[in-house]
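Take a look at the structure set out below.
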Amino acid sequence: MRLIITGRHFDVTEGIKNHIEDKIEKFEKYLKKIMEIHVILSIEHERQMAEIILSGSEIKLLGKEESGDMYSSIDAAANKIEHQLRDRKERLKHHKRKPFKEDEKLFEDEEQIPLIIEDKRILDKPMSPQEAMLELDVQGLEFMVFKDSNDNTRKIIYKRRDNNYGLIITE
């Protein structure tokens, strides 16, 4: 991790550098791959501002604060970054992923071709969309292709996430 401390309109003291290093040590418990942290400190009249920019492999965070005291500004900006990192870590930790079944594992070889592991045969009898909807529920399927008895066209009926049904008409 590379730390860059820039002072605008004043010289950064050793005490401030040590204070910054103590504050940013906490960041590593949330994110291991921090590439760079750039701390910009500036003074304009009575305002003392601290801006911390954290850059990682897939993340860029900004914490900016101003107060009457440089140490307070650094603390507040570091707390903002820490809060963002904590939230990010919690989101990643609680992100629910469905575990892969044995047959659904990702292919390690790009040359491996997926196989058809199940086939189903359906009767191609004409039926109305209402009959197809009932058949869909009885068989416990997510979708079904059928021939409409009214106009003899192929249609696809599927169950939507809101428990309604969708109908796709082929041409």
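Relative to the longest principal Cα axis of the chain, at what angle does helix 14-24 sit, 0 to 90 degrees, rounded to 10?
20 degrees
Report the net charge of residues surrounding ASP137, where surrounding means a beta-carbon distance below 14 angstrom and charges are Lys +1, Arg +1, Asp -1, Glu -1.
Neighbourhood net charge equals -1.
Could you give each residue of region 79-85 its phi-based ³J(HN,Hα) in whole Hz, using Karplus coefficients 6.51, -1.76, 1.60 with θ = phi - 60°, and x for Gly or Pro?
Result, rounded to whole Hz: 5, 5, 5, 4, 5, 5, 5.
Based on Cβ point charges of +1 for Lys and Arg and -1 for Asp and Glu, what charge dipole magnitude is obtained for region 2-94 about its Cα centre, in debye rounded to the nearest 20?
Numbers: 17 positive and 18 negative charges, 140 e Å.
Rounded to the nearest 20 debye, it is 680 debye.
Rounded to two decimals, what is Rg over Rh for the chain when you use alpha-carbon atoms and the Kirkwood radius? Intermediate values should be presented prior to the final figure.
Details: Rg = 29.9 Å, Rh = 21.9 Å.
For the chain, the value is 1.36.
What is the sum of charges, Lys and Arg at +1 and Asp and Glu at -1, for the other residues whose Cβ falls under 13 Å from the Cβ of ILE43?
-4
Within 15 Å, Cβ to Cβ, of LYS33, how many net charges do the neighbouring residues add up to if Lys/Arg are +1 and Asp/Glu are -1? Working shown, then result.
Values: positive: ARG2, LYS29, LYS32, LYS60, ARG88, LYS89; negative: GLU28, GLU36, GLU58.
That works out to +3.
Where Rh denotes the Kirkwood radius from the mean inverse Cα pair distance, what is Rg over Rh for region 123-171?
0.94
Mind checking which of ASN164, ILE20, ALA50 is farthest towards the positive end of the chain's charge dipole, using Cβ charges of +1 (Lys, Arg) and -1 (Asp, Glu) about the Cα centre?
The listed residue farthest towards the positive side: ASN164.
Considering the Cα positions of region 2-94, please state its Rg to one decimal place and its Dmax as a whole number of Å.
Over region 2-94's Cα set, Rg and Dmax evaluate to 13.2, 45 Å.
Read-outs: derived from the displayed coordinates by stated rules, not from any lab. None of these values were measured; they are calculated from a predicted model. Reconstructed Cβ throughout: ideal geometry from the backbone, glycine too, with neighbour counts over all protein chains shown.
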